[in-house]
């Protein structure tokens, strides 16, 4: 083997070992994800110039609020936040790439930076996580490549007068996700996190993009899927019940399936319990810190939220837990303490049968 071949192969061998360790850890304990990114970034009160940095100094469109750009223009801020969550006890850190796809970045005119955003975010998270693993090999840390839902939907029309109208088509969404998945992979993530799914067809485009990478010879990375319910009916925005949503994505054989965002923990619990009862894989939950008040602030504190999630864990509902909107490193610290030592949910064996889904599930008798 030539030195050049070793340079190419060694990172994948290291990643293979990390993935094996991840699967082993998930069998032994409840894993902890990080918390919110947006609210924490807002605490820095960054200026338009700081969002732009040198690379985007002359960009014709305002960029303040495009938080994913900070992986390039203020990597120190992102590294500080990663560090804060890992210090709080997170096992898995997500990349700051929720909107790092061409479709979402088009709002800022930064489509051409999509690959660079994902690559930079993954490399930042990888470097910090690896530092923690080296410092404490007994508690390894992993990086999940965050793939958000985009700001367009494939299942629903954006025009009430034209049910067939779509702002994007499947191929466009697939291509955007493919570019993102390749960059996250190249940046060194350990798993893909397809999160905050409100439209299952968008998620299917993301899953196809990921699975195609495997078919093309890249290492198979675990896939984690997390949906979001939009009201107390327990349906995602495109209309599917939680049971139907699971059936729709089960073909990807995900490492984990779960729910995030939406409500606070109390309102999310019955829907997660339903999912935990039917899914033959790991279950995750990272709810908001309650519902926002009239000022857009999330009022559920670390103690209240961790008490509820700790109860979920003891009830046998959880394998992975963390926080979404409004959660801070203090929330994650309290959640990590609440689930420490609690036995993870055993993955059930599900009887093989024909299962189909539209808006509702169907299972053959």
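Among the residues that make up the range 92-106, is at least one of them surrounded by fewer than 16 Cβ atoms within 10 Å (Cβ to Cβ) and either closer than 29 Å to residue 331 by Cβ or in contact with a strand residue (DSSP E or B) (Cβ under 8 Å, 6 or more places away or on another chain) (or both)? No, there is no match, as no residue in the range 92-106 is surrounded by fewer than 16 Cβ atoms within 10 Å (Cβ to Cβ) and either closer than 29 Å to residue 331 by Cβ or in contact with a strand residue (DSSP E or B) (Cβ under 8 Å, 6 or more places away or on another chain) (or both). Sub-6 Å Cβ pairs linking a first residue in the range 169-181 that is over 19 Å from residue 112 (Cβ atoms) to a second residue that is part of a helix (DSSP H, G or I), at least 6 apart or interchain, are 170/205, ordered by first then second residue.
Among the residues of the range 223-230, is there at least one that is crowded, with 20+ Cβ neighbours inside 10 Å and part of a helix (DSSP H, G or I)? No, the range 223-230 contains no residue that is crowded, with 20+ Cβ neighbours inside 10 Å and part of a helix (DSSP H, G or I).
Considering (1) surrounded by fewer than 19 Cβ atoms within 10 Å (Cβ to Cβ); (2) under 17 Å from the mean Cα position of the chain (by Cα), the lone condition that residue 207 does not fulfil carries the number (1).
If you check 53, 38 for being modelled with pLDDT under 95, closer than 22 Å to residue 122 by Cβ and surrounded by fewer than 21 Cβ atoms within 10 Å (Cβ to Cβ), only one passes: 38. I need the full set of residues from the range 222-242 which are closer than 25 Å to residue 191 by Cα and either touching a helix residue (DSSP H, G or I) at 6+ places or on another chain (Cβ under 6 Å) or free of Cβ contacts under 8 Å to residues at least 40 places away in the same chain (or both), in order please. Selection gives 223, 225, 227, 228, 229, 236, 242. Consider residue 146 carefully, then state whether it is outside any helix (DSSP H, G or I), touching a residue at least 24 places away in the same chain (Cβ under 8 Å) and more than 19 Å from the chain's Cα centre (by Cα). Considered against the rule, which asks whether it is outside any helix (DSSP H, G or I), touching a residue at least 24 places away in the same chain (Cβ under 8 Å) and more than 19 Å from the chain's Cα centre (by Cα), residue 146 comes out as no.
Can you spot a residue in the range 317-326 that is farther than 15 Å from residue 260 by Cα and in contact (Cβ under 8 Å) with a residue 24 or more places away in the chain? There is no residue in the range 317-326 that is farther than 15 Å from residue 260 by Cα and in contact (Cβ under 8 Å) with a residue 24 or more places away in the chain.
The values are calculated or read from the model by the stated rules, or taken from the named source; none is laboratory data. Since the model is a prediction, treat every value here as computed from it, not as a measurement. Counting neighbours? That spans all protein chains shown, and the Cβs are built from the backbone with ideal geometry, glycine included.
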